[in-house]
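What follows is a single structure, written as structure tokens, with notes after it.
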Amino acid sequence: MTKTITGFSKLNKKEKIDWLIHTFLSQNQQAKTILQCYWNGNKELQQLHDEFIENTISNFYLPYAVAPNFIINNKPYVIPMTTEESSVVAAASLVAKFWSDKGGFKTEVLSTTKSGQVHFMFNHDFENLQHYFTKIKPKLLETTASITKNMRYRGGGILDIQLINKTDKLDNYYQLHVTFNTIDSMGANFINSCLEAIAKAFKEESQDFDIEIVMSILSNYIPDCLVKAEVSCEISELGENGIEFAQKFYQAVQIAQVEPYRAVTHNKGIMNGIDAVVIATGNDFRAVEAGAHAFASKTGYYKSLTNCSIDNGIFKFWIEIPLALGTVGGLTALHPLAKLSLEILQNPSAKELMQIVAVAGLAQNFAALKALTTTGIQKGHMKMHLQNMLNQLGATTEEKIALLNYFNNNPVSYNAVSEALEKFRVTKLLK
């Protein structure tokens, strides 16, 4: 039986599911029920979801939660988070509460420049190319006028176009490096439209030059779209063993600065918090991830995105991270929960959202390092996974209550939970 199909995209949703089940899921009697039970009962809302991507057959739900008690620049926030990872929201909430009476989080946007490139090949004299570029540059800006009109009205637009010689990296390779300010929009479509218009004009006017346009595309590496978030307090405010805690915490950050094996996991924890808010607000978490990890490697080796210092009895912990975010356009204007998330965050500008998201990442990293340098990561993390384990084992409500109480004072592992559940069931039968 062939497993390929022509015209799949033209089938309606029911026909797509029927073909999929007949071809790949014929042994799974629950497949159709599973797919259909995740449809939204509101037909208009389901149609909206269906049109986000192609070949939609169902919805894949993730938990939507909030972390309260954040104080950012003396302003209270409740931060919406979407994630499947146990302990992320709990950790963020605990850290928010911890710092709320110590001045909270302080943030600032350092820069908001984004960029894209027109990549092209040219195998003649560079000086002639430079002369041509200088001559054509005003026209390149002019050719985007209709695209940038609304963005310029809001205070953004194209900042500059530069000719970059990359022939030391690749023979005959040059680029037009274009910088942008996209205000409250993430700006991907805007940037790409501008770049393609610039590329077309650059090629059309080069009658005396053999310029080969390879591609025009924005960059998700945004080292000049940067935000900083920090917390600080006197070491005595960190608790009874404040000095010991601060020193171990500092050492943990230093290890992540010099050891890539640790740095990757360290930064993954930061992204646990950042991605959760980025997804909840309808932004592109993949672009954010790519840009953050590239930034972590900007010195030539991969290291921590956070820093720590202990000076004159003051403990300080901070992050500097590139974040390309938007509060208008794209999914932020379409997804009801994304719009609600922005409302929960008091309708922030893109700059304000950058600061909120950076705080979520810093809070998550503080929670992880605090656990690692004190009780260990598994004690709290596995407690949060306990509910998932009980669900996997088919525990009843009564059994969940009993085992949640039992594991308050006992180490959690899948085997331990399985054995405890079995013992509880046997004991109950014997009564």
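Among the residues in region 117-129, are any surrounded by 13 or more Cβ atoms within 10 Å (Cβ to Cβ), of a type in the set (A, V, I, L, M) and under 20 Å from the mean Cα position of the chain (by Cα)? So far as region 117-129 goes, no, none of its residues is surrounded by 13 or more Cβ atoms within 10 Å (Cβ to Cβ), of a type in the set (A, V, I, L, M) and under 20 Å from the mean Cα position of the chain (by Cα).
Using the structure shown, decide if Ala350 is out of contact with any Pro (no Cβ under 6 Å at 6 or more places or on another chain), modelled with pLDDT of 95 or more and under 20 Å from Ser93 (Cα atoms). For Ala350, the condition - out of contact with any Pro (no Cβ under 6 Å at 6 or more places or on another chain), modelled with pLDDT of 95 or more and under 20 Å from Ser93 (Cα atoms) - is not met.
Each row is one residue, and each column tells you yes or no for (1) closer than 22 Å to Lys106 by Cα; (2) under 24 Å from the mean Cα position of the chain (by Cα); (3) outside any strand (DSSP E or B).
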residue: Ala229; (1), (2), (3): yes, yes, no
residue: Tyr250; (1), (2), (3): yes, no, yes
residue: Ile274; (1), (2), (3): yes, yes, yes
residue: Val278; (1), (2), (3): yes, yes, yes
residue: Asn283; (1), (2), (3): no, yes, yes
residue: Glu289; (1), (2), (3): no, yes, yes
residue: His293; (1), (2), (3): no, yes, yes
residue: Lys303; (1), (2), (3): no, yes, yes
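Only one of these is among the aromatic types (Phe, Trp, Tyr) and touching a residue at least 24 places away in the same chain (Cβ under 8 Å): Tyr261, Tyr301. Name it.
Numbers: Tyr261 fails: touching a residue at least 24 places away in the same chain (Cβ under 8 Å).
Selected residue: Tyr301, the only one of Tyr261, Tyr301 that is among the aromatic types (Phe, Trp, Tyr) and touching a residue at least 24 places away in the same chain (Cβ under 8 Å).
The rows are residues; the columns are (1) assigned by TED's automatic domain parsing to the domain that holds Ala263; (2) hydrophobic (A, V, I, L, M, F, W, C); (3) at pLDDT below 80; (4) not in a helix (DSSP H, G or I).
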| residue | (1), (2), (3), (4) |
| --- | --- |
| Asn365 | yes, no, no, no |
| His385 | no, no, yes, no |
| Gly394 | no, no, no, yes |
| Glu398 | no, no, no, no |
| Ala420 | no, yes, no, no |
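Is one or more of the residues making up region 159-171 assigned to a helix (DSSP H, G or I) and either surrounded by fewer than 12 Cβ atoms within 10 Å (Cβ to Cβ) or over 28 Å from the mean Cα position of the chain (by Cα) (or both)? Explain how you work it out, then say what you get.
The initial filter retains those residues of region 159-171 that are assigned to a helix (DSSP H, G or I), namely none.
Looking through region 159-171, none of the residues is assigned to a helix (DSSP H, G or I) and either surrounded by fewer than 12 Cβ atoms within 10 Å (Cβ to Cβ) or over 28 Å from the mean Cα position of the chain (by Cα) (or both).
Applying the set (1) at pLDDT 95 or above; (2) closer than 30 Å to Leu176 by Cβ to Phe209 leaves exactly one unmet item: (1). Those residues that are surrounded by fewer than 21 Cβ atoms within 10 Å (Cβ to Cβ) and of a type in the set (Phe, Trp, Tyr), I need them from region 307-359; list them, please. Hit for region 307-359 is Trp318, nothing else. Against the conditions (1) touching a strand residue (DSSP E or B) at 6+ places or on another chain (Cβ under 6 Å); (2) of a type in the set (A, V, I, L, M, F, W, C); (3) at pLDDT 95 or above, Leu340 satisfies every one except (1).
The values are calculated or read from the model by the stated rules, or taken from the named source; none is laboratory data. In this text the structure is predicted, and so the values were computed from the model without any measurement. When we count neighbours, we look across all protein chains shown, and the Cβ atoms used for this are built from the backbone with ideal geometry, even at glycine.
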